[in-house]
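The values are calculated or read from the model by the stated rules, or taken from the named source; none is laboratory data. What you are looking at is a predicted structure, and each value in this text was computed from that prediction instead of being measured. Cβ: placed from backbone, ideal geometry, glycine included. Neighbour counts: every protein chain shown. SASA here: full protein model, heavy atoms, side chains in, ligands and nucleic acids out. Shrake-Rupley method; radii C 1.70, N 1.55, O 1.52, S 1.80 Å.
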Amino acid sequence: MKNLIPLFLLATLAVSVGWASTTVSNTIASIATANNWSNGTKYTSFTLDNNITVSCTGESNSGKYYTSGNDWRLYQTESPTLTVTAASGYTLNSITITYNITNTGILVYNNTQMSSPATVTVSGSSVEFSVGNSETATNGQVKVTAISVTYSESGSTATVEAPTLTDEFTFWPVMNDAASAQVTITPASGNTVRYTTNGSTPSRTNGTEITTATTINISGTTTVKAISYVGTQTSSVVSKTYTLGQTVTGISAFKGMSSGTTARLYLPDNYNARTLYVNGKDAFVRDKTGAICIYNVTTNPPLAYNQHIAGWIIGTYTDYNGLPEFTASTATNSCYLVIANKVTEDDAKPVEISDDEVTDHYADWVTVKDLTSSSSVAVYNKYSLGTDDYYQEPYEGAIYDITGIAYPYSSNPQVAPIYQNGNRPITYVIDSKKEFTSPTADIENAQVRLSRSLNPATWSLLTVPFEVEGFEGDVLEYTGVSLGEVASYEMNGYTYPVRGGVMHFEDYYGNLQPGIPYLVKPYTSQQEMTLSGVTLSSEPVGSVTYSLAASQNAPALNLMANETPAYVGDYTLVGTYSPMSLTKDEATVKLIDNSTLSWTSLIDDVEIEGTEAYISVPEGAGVKLDLGDGGVVTAVTDLRLDNAPREAVIYNIMGQRLTRPLGELPPGIYIVNGKKIVKF
């Protein structure tokens, strides 16, 4: 543990016993705390004590306070002046200004450049400094961090020297013990000092009396005030505040503080804080309340994926352009953190979110689902992943999931993809309810998420743009077509043949090939499947076609009685990657379930999902499905015919309009709302 009591600045002026000018010293950090200054806000003046005022001129930026350096900034481009002024009746003796610089900025007094700390001996009630540089640049900055001023009463050569106090600091308890810190009060030689810790003002008659350096213990935020006296003469009152630092429990509470605030972050064991990812100085940690980036903090052992973290650590909360960070402070020490490999917990995993939730998960390991090129979330390859980490730039038109660290950029959300514990940075999405765009070239070794509902109780048509190895379920492939049984009936003295094709499906045991439609029945209900190491094909969706021709002596269904056609036509199983509307044509058939086919002409608004297929048959023909060894035959004409609206306009093939509903008519060929229908 680092020493939590910083060394104090001892400002002295050697004089005869007990008498001297008054010296007042303070840091900008202490001044900011005492006056509740806010980060990035302009403050044109402040007081060191009741008799000394420090001020500055400048335009919009000079006089701004920043927590990143605990400094008060002067910008050369604004030609600022820094003025130290003593109250009426007092004279300045010396001034010391401690500062840091940017771009060769430097403090100038009486046309002389002053290196930090800049000390000048003066005589008067007001002194001015300006900002310049030793180079040709004009954008230098002076960042004041501390000021010390020695002054005396005008015309007086004998004043009592004030006591010195330990510099102001913030302290915390160690583990769960009571907080404790030490403050030293030092009188000038020969002086008597009285001090108080209860807020009251010390005097020759009030406070605890000491004559030698004395160290006192404090256990909470305490203001120590002290005064020196010799005989009837007294010094000015010295006052400094020592602050008990804040302790917050959990990452969310730590992120709830103002940026620049230093506190002790306590992580109870049951908050299950875990390391998510480490890259250089960035370590991303999540507990049950939220996630944060721990930046540039050394731990033992070093932080690594999946570790469990408990205990506490002191640091500063920093809002780094929207990214929540835990950054090191002078009090930071990781010795009270317990860092161990996970014991009973599951491996840390990314959180699945939508694109409008990214801003709520900055610094967290996330999977953002269903992104497109038009999404508001950018993909930022911050960690320079290579092909070994399975990252590929998403191709134009792709739908994809990105897994990585949520990050802000110019107030916009983005994700820096990472590969961690088998969680790939990019997953291409094939959603049965969304349009799918094939890549312009095959993408090898890809990960694909197929979003498609498959029911283990029924056969489903499936067509995917990648090879599937070892599908967990039954698979049938389309192997050919043959003539169905001839049916005939009498109407108006004529005999009409009714014959269609039987489409045959047989068991298939190989890998499902990209673009080829299959009948599948999974062993278990399937809503999504994610497959790794596949090749996402650039080839368009395919189909399987078999024909009935003259050699098969196939009669056409739209001929008059006793006529024989030369050709019946193609029976095709057609795949699709994207949702589509089927043409309202009796030559198009949709599979409803195990035993149901439906002509599109009998169903309004016929839609099929992506990664499905449909059946195209010769116009006017019937169709049956032979589902292999199961012996299941599915006939379209046994199905939805009775679902035709009762007000449908129905004609027989002789052109006579019929008044009875279709369901009450005998088997035959009819024209229903302009479409030919065969009823067995």
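Taking the condition of being modelled with pLDDT of 90 or more, of a type in the set (S, T, N, Q) and assigned to a loop (DSSP other than H, G, I, E, B), how many residues in the range 136-168 meet it?
Residues that pass the stated criteria total 1.
hydroxyl-bearing (Ser, Thr, Tyr), at pLDDT 90 or above and crowded, with 21+ Cβ neighbours inside 10 Å, is that true of Tyr508?
no
Would you check if Asn103 is within 44 Å of the chain's Cα centre (by Cα) and either open to solvent by 50 Å² or more (accessible area, probe 1.4 Å) or over 17 Å from Ala146 (Cα atoms) (or both)?
Numbers: within 44 Å of the chain's Cα centre (by Cα): yes; either open to solvent by 50 Å² or more (accessible area, probe 1.4 Å) or over 17 Å from Ala146 (Cα atoms) (or both): yes.
For Asn103, the condition - within 44 Å of the chain's Cα centre (by Cα) and either open to solvent by 50 Å² or more (accessible area, probe 1.4 Å) or over 17 Å from Ala146 (Cα atoms) (or both) - is met.
Looking at the range 225-242, which of its residues are β-branched (Val, Ile, Thr) and buried (at least 18 other Cβ atoms within 10 Å of the Cβ)?
The answer is Ile227, Val230, Thr234, Val237, Val238.
Within the group Pro350, Pro408, which residue is surrounded by fewer than 20 Cβ atoms within 10 Å (Cβ to Cβ) and not aromatic (Phe, Trp, Tyr)?
Values: Pro350 fails: surrounded by fewer than 20 Cβ atoms within 10 Å (Cβ to Cβ).
Within the list Pro350, Pro408, the selection yields Pro408.
Filter the range 243-294 down to residues that are in contact (Cβ under 8 Å) with a residue 40 or more places away in the chain, open to solvent by 40 Å² or more (accessible area, probe 1.4 Å) and of a type in the set (Phe, Trp, Tyr), then give me how many there are.
Selection size over the range 243-294: 1.
State which residue pairs qualify: first residue more than 22 Å from Ala181 (Cα to Cα) and of a type in the set (Ser, Thr, Tyr) and inside the range 322-349, second residue modelled with pLDDT of 90 or more and part of a loop (DSSP other than H, G, I, E, B) in any location, beta carbons under 9 Å apart, and separation of 6 or more residues or different chains.
Thr327/Asn296; Thr327/Val297
Just for the range 65-88: of the residues that are farther than 19 Å from Thr119 by Cα and open to solvent by 40 Å² or more (accessible area, probe 1.4 Å), which one is farthest from the chain's Cα centre (by Cα)?
Once the filter is applied, the top-ranked residue is Ser88.
Out of the residues in the range 191-223 that are over 55 Å from the mean Cα position of the chain (by Cα) and farther than 14 Å from Pro163 by Cβ, state the one that is surrounded by the fewest Cβ atoms within 10 Å (Cβ to Cβ).
Restricting to residues being over 55 Å from the mean Cα position of the chain (by Cα) and farther than 14 Å from Pro163 by Cβ, the top hit is Thr205.
Restricting to the range 169-185, what's the tally of residues that are open to solvent by less than 40 Å² (accessible area, probe 1.4 Å) and assigned to a strand (DSSP E or B)?
5
What number of residues within the range 354-364 are crowded, with 18+ Cβ neighbours inside 10 Å and either touching a His at 6+ places or on another chain (Cβ under 8 Å) or not β-branched (Val, Ile, Thr) (or both)? Quick ask: steps written out before the conclusion?
Taking the range 354-364 and keeping what is crowded, with 18+ Cβ neighbours inside 10 Å, we get 358, 361-364.
Now drop any that are not either touching a His at 6+ places or on another chain (Cβ under 8 Å) or not β-branched (Val, Ile, Thr) (or both), which leaves 361-364.
The number of residues fulfilling the criteria is 4.
Out of the residues in the range 365-396 meeting the condition of being touching a residue at least 40 places away in the same chain (Cβ under 8 Å), among the aliphatic types (A, V, I, L, M) and in contact with an Asp or Glu (Cβ under 9 Å, 6 or more places away or on another chain), tell me which one is surrounded by the fewest Cβ atoms within 10 Å (Cβ to Cβ).
The selected residue is Val366.
For Ile95, indicate whether it is buried (at least 19 other Cβ atoms within 10 Å of the Cβ) and assigned to a helix (DSSP H, G or I).
Considered against the rule, which asks whether it is buried (at least 19 other Cβ atoms within 10 Å of the Cβ) and assigned to a helix (DSSP H, G or I), Ile95 comes out as no.
Before we move on, is Glu352 among the charged types (D, E, K, R) and modelled with pLDDT of 95 or more?
It is true that Glu352 is among the charged types (D, E, K, R) and modelled with pLDDT of 95 or more.
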